[in-house]
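Undergrad: Take a look at this one; I'll ask things after.
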């Protein structure tokens with residue numbers, strides 16, 4: 001079994017043993033929590049990437065900061081009103097799942113956990129949607145690491 005950041009591993013374990021109906025119900029619960037992933041007032045980020053991509057229905061902002069002492073990542077995400085429920089769910093899952101992970105650990109996370117959470121049918125139907133936020137967060141981690149290398 002692949003190594004996931006601890007918080008993401010707990011979420012994968014939760015979903016992995018659910019029926020498809022139970023997965024959908026829990027995805028809706030996570031989608032309702034996506035607003036809590038937005039930046040908090042006064043937060044300062046080292047990396048901000050806000051844009052509307054072709055594969056997403058609205059603008060998505062990825063905000064990242066890394067604690068220099070322990071290299072713990074803190075990810076916040078803003079979503080436009082038209083972003084689909086599944087993308088909202090993956091946002092909440094990934095914000096929670098990557099909290100405290102290192103940038104390197106985020107880059108090493110394989111995509112194999114997504115079908116375990118979403119279920120095979122939704123992955124086939126919404127393949128771009130389910131991987132979109134993961135790709136954006138991994139891109140932000142890579143940019144952060146490149147900046148760190150350039151500064152070091």
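Undergrad: Going by the structure shown, is residue 25 assigned to a helix (DSSP H, G or I) and without any contact (Cβ under 8 Å) to a residue 12 or more places away in the chain?
TA: Taking the combined requirement at face value, the residue satisfies it.
Undergrad: With the requirement that a residue be in contact with a helix residue (DSSP H, G or I) (Cβ under 8 Å, 6 or more places away or on another chain), part of a loop (DSSP other than H, G, I, E, B), touching a residue at least 60 places away in the same chain (Cβ under 8 Å) and closer than 12 Å to residue 134 by Cα, what does segment 91-115 give you?
TA: Scanning segment 91-115 gives a single hit, 109.
Undergrad: If you don't mind, there's one more thing I want to ask. Quick check, is residue 35 within 14 Å of the chain's Cα centre (by Cα) and either at positive phi or surrounded by 15 or more Cβ atoms within 10 Å (Cβ to Cβ) (or both)?
TA: When the stated conditions are applied, residue 35 does not pass them.
Undergrad: Which one of the conditions (1) within 20 Å of residue 145 (Cβ to Cβ); (2) surrounded by 21 or more Cβ atoms within 10 Å (Cβ to Cβ) does residue 92 fail to meet, given that it meets all the rest?
TA: (1)
Undergrad: Quick check on residue 47: is it buried (at least 16 other Cβ atoms within 10 Å of the Cβ), under 23 Å from residue 145 (Cα atoms) and out of contact with any strand residue (DSSP E or B) (no Cβ under 7 Å at 6 or more places or on another chain)?
TA: no
Undergrad: Let me ask something else about it. Quick one: count up the residues across segment 55-70 that are touching a helix residue (DSSP H, G or I) at 6+ places or on another chain (Cβ under 7 Å) and modelled with pLDDT of 90 or more.
TA: Count: 4.
Undergrad: Still on this structure, I have one more. Show the residue pairs that are 6+ apart or on different chains and have beta-carbon atoms under 6 Å apart, the first residue being within segment 1-20 and on the phi > 0 side of the Ramachandran plot and modelled with pLDDT under 95, the second being surrounded by 12 or more Cβ atoms within 10 Å (Cβ to Cβ) and in a loop (DSSP other than H, G, I, E, B).
TA: Pairs that qualify, where the first residue is on the phi > 0 side of the Ramachandran plot and modelled with pLDDT under 95 and the partner is surrounded by 12 or more Cβ atoms within 10 Å (Cβ to Cβ) and in a loop (DSSP other than H, G, I, E, B): there are none.
Undergrad: Return a yes/no flag: does segment 68-86 have any residue that is in a helix (DSSP H, G or I) and either touching a strand residue (DSSP E or B) at 6+ places or on another chain (Cβ under 7 Å) or closer than 23 Å to residue 11 by Cβ (or both).
TA: yes
The values are calculated or read from the model by the stated rules, or taken from the named source; none is laboratory data. Keep in mind that this is a model prediction, so the values were computed, not measured. Methodologically, a virtual Cβ is constructed for each residue, glycine included, from the backbone with ideal geometry; neighbour enumeration extends over all protein chains shown.
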